[in-house]
Amino acid sequence: MIIKKNRILTSENKKPILYDVYYNETEKPQPIVIFCHGYKGFKDWGAWHLVAEAFAAAGFCFLKFNFSHNGGTMEQPIDFPDLEAFAENNFSLELEDLDRVLNEVEKGNENLPDEFSTISIIGHSRGGGIVLIKAEEDNRIDKAATWASVSDFKARFQEGTESFESWKETGVTHVENSRTMQMLPHGFQFYRDFKKNEERFSIHRAVKSLKVPLLIVHGNEDPTVSVKEANAIHSWNTQSELKIIEGADHVFNAKHPWDEAALPDCLKSVVERTIDFLK
């Protein structure tokens, strides 16, 4: 298996994107899978490396990347030293990052197989919402899958609440990262960017208009994003496939760091089901 870690994708006047590629050498063009992490997530979280290896073993080229403003840097991709970037992140930037990755796949480089056949995208949690919007608006994408995805970005701003008004007034709000014990800042620009693009950022609209096959996977014991959100996404697109994983939490019973050699059973089920769907 060929594994290329921490490759850098640069674009003029934009923050670089760090990515990993996993695949096996083959004569035939390979299907490519692009994986998008969630909120406070990163490409090296938990068992994502074993997920990548499983997809590569099944004949895919698997590319996972860090969103450019996720708080990591090229030198420190796992901890979040760049809180200024984190504060500046928004949905527009994440969609643009995914677009930059797609452009790179399309034009090709020395880190990718010479030829690819199809492009599928997978998103976890907030990354699921990004994937659903992108899959609807970009005709390069052949299939989409969400893992523990959110169904509504707007609801998460909690407009009109005391905390929202305080955020608006001060221009910044903080969320604790229990992993690094940091208080992560969100600039109010995040909400302004959402309002400016509210129609585009409607997951409901995107899913209803989606023209490509969609797989929705969710754990029935997810404490972070309710399984009701998976049911909602499924109800908006009758062609979609829904797979509920019994006994699974938000990360399908993985954790960070993941030191074991095998995937947890729930995440293994997710991977197997997704591979079947993409094949």
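Do we find that Leu267 is outside any helix (DSSP H, G or I), surrounded by 14 or more Cβ atoms within 10 Å (Cβ to Cβ) and under 19 Å from the mean Cα position of the chain (by Cα) in this structure? Full working, then the answer.
On the way: outside any helix (DSSP H, G or I): no; surrounded by 14 or more Cβ atoms within 10 Å (Cβ to Cβ): yes; under 19 Å from the mean Cα position of the chain (by Cα): yes.
No, not satisfied.
Name the residue that is surrounded by the most Cβ atoms within 10 Å (Cβ to Cβ), counting only residues in segment 70-94 that are of a type in the set (Asp, Glu), out of contact with any helix residue (DSSP H, G or I) (no Cβ under 9 Å at 6 or more places or on another chain) and modelled with pLDDT of 95 or more.
Restricting to residues being of a type in the set (Asp, Glu), out of contact with any helix residue (DSSP H, G or I) (no Cβ under 9 Å at 6 or more places or on another chain) and modelled with pLDDT of 95 or more, the top hit is Asp82.
Asp97 fails exactly one of the following numbered conditions: (1) of a type in the set (Asp, Glu); (2) out of contact with any helix residue (DSSP H, G or I) (no Cβ under 8 Å at 6 or more places or on another chain); (3) surrounded by fewer than 24 Cβ atoms within 10 Å (Cβ to Cβ); (4) closer than 29 Å to His204 by Cβ. What is the number of that condition?
Tallying (1) of a type in the set (Asp, Glu); (2) out of contact with any helix residue (DSSP H, G or I) (no Cβ under 8 Å at 6 or more places or on another chain); (3) surrounded by fewer than 24 Cβ atoms within 10 Å (Cβ to Cβ); (4) closer than 29 Å to His204 by Cβ, Asp97 fails exactly one: (3).
With assigned to a helix (DSSP H, G or I) and either closer than 19 Å to His250 by Cα or modelled with pLDDT under 95 (or both) as the only criterion, which of Ile130, Ile122 stands out?
Ile130
In this structure, is Gly59 surrounded by 18 or more Cβ atoms within 10 Å (Cβ to Cβ), in a loop (DSSP other than H, G, I, E, B) and either at positive phi or polar (S, T, N, Q) (or both)?
Numbers: surrounded by 18 or more Cβ atoms within 10 Å (Cβ to Cβ): no; in a loop (DSSP other than H, G, I, E, B): yes; either at positive phi or polar (S, T, N, Q) (or both): yes.
No: the conditions fail for Gly59.
Scan segment 38-53 residue by residue and report those that are surrounded by 21 or more Cβ atoms within 10 Å (Cβ to Cβ) and hydrophobic (A, V, I, L, M, F, W, C).
Phe42, Trp45, Ala47, Trp48, Val51, Ala52, listed by residue number.
Could you list, in sequence order, all residues of segment 227-250 that are outside any helix (DSSP H, G or I), among the hydroxyl-bearing types (Ser, Thr, Tyr) and surrounded by fewer than 16 Cβ atoms within 10 Å (Cβ to Cβ)?
Once the filter is applied, which keeps residues that are outside any helix (DSSP H, G or I), among the hydroxyl-bearing types (Ser, Thr, Tyr) and surrounded by fewer than 16 Cβ atoms within 10 Å (Cβ to Cβ), segment 227-250 yields only Thr238.
Filter segment 24-48 for residues that are within 20 Å of Ala144 (Cα to Cα) and either assigned to a loop (DSSP other than H, G, I, E, B) or without any contact (Cβ under 8 Å) to a residue 12 or more places away in the chain (or both) and give the result. Explain how you work it out, then say what you get.
Narrowing segment 24-48 to residues within 20 Å of Ala144 (Cα to Cα): 29-39, 41-43, 48.
Within segment 24-48, Pro29, His37, Gly38, Tyr39, Gly41, Phe42, Lys43 qualify.
Any residue at all in segment 1-13 that is under 19 Å from the mean Cα position of the chain (by Cα), among the aliphatic types (A, V, I, L, M) and more than 24 Å from Val251 (Cβ to Cβ)?
yes
Looking at Arg273 and the list (1) under 21 Å from Gly46 (Cβ atoms); (2) in a helix (DSSP H, G or I); (3) within 17 Å of the chain's Cα centre (by Cα); (4) not acidic (Asp, Glu), which single condition is not satisfied?
Of (1) under 21 Å from Gly46 (Cβ atoms); (2) in a helix (DSSP H, G or I); (3) within 17 Å of the chain's Cα centre (by Cα); (4) not acidic (Asp, Glu), only one is false for Arg273: (3).
For residues that are within 27 Å of Asp79 (Cβ to Cβ) and out of contact with any Phe, Trp or Tyr (no Cβ under 7 Å at 6 or more places or on another chain), tally how many sit in segment 253-270.
Total satisfying the criteria: 10.
Taking strands (runs of 3 or more DSSP E) that do not extend beyond segment 141-224, which have at least 2 residues that are crowded, with 17+ Cβ neighbours inside 10 Å?
The qualifying strands (runs of 3 or more DSSP E) are 143-147, 182-187, 214-219.
Checking Leu18 against (1) buried (at least 19 other Cβ atoms within 10 Å of the Cβ); (2) farther than 19 Å from Thr274 by Cβ; (3) touching a residue at least 60 places away in the same chain (Cβ under 8 Å): exactly one of these is not met. Which one?
Among (1) buried (at least 19 other Cβ atoms within 10 Å of the Cβ); (2) farther than 19 Å from Thr274 by Cβ; (3) touching a residue at least 60 places away in the same chain (Cβ under 8 Å), Leu18 violates only (3).
Scan segment 66-101 for residues that are aliphatic (A, V, I, L, M) and in contact with a strand residue (DSSP E or B) (Cβ under 7 Å, 6 or more places away or on another chain) and report the count. Can you show your working first?
Residues of segment 66-101 aliphatic (A, V, I, L, M): 74, 78, 83, 85, 87, 93, 95, 98, 101.
Filter once more, keeping what is in contact with a strand residue (DSSP E or B) (Cβ under 7 Å, 6 or more places away or on another chain): 74, 83, 87, 98, 101.
Of the residues in that region, 5 qualify.
Against the condition more than 19 Å from the chain's Cα centre (by Cα) and not charged (D, E, K, R), how does Asn111 come out, does it pass?
yes
The values are calculated or read from the model by the stated rules, or taken from the named source; none is laboratory data. Here the structure is a predicted model, which is why all the values come from computation and not from measurement. Note that each Cβ is placed from the backbone with ideal geometry, even for glycine, and that neighbours are counted across all protein chains shown.
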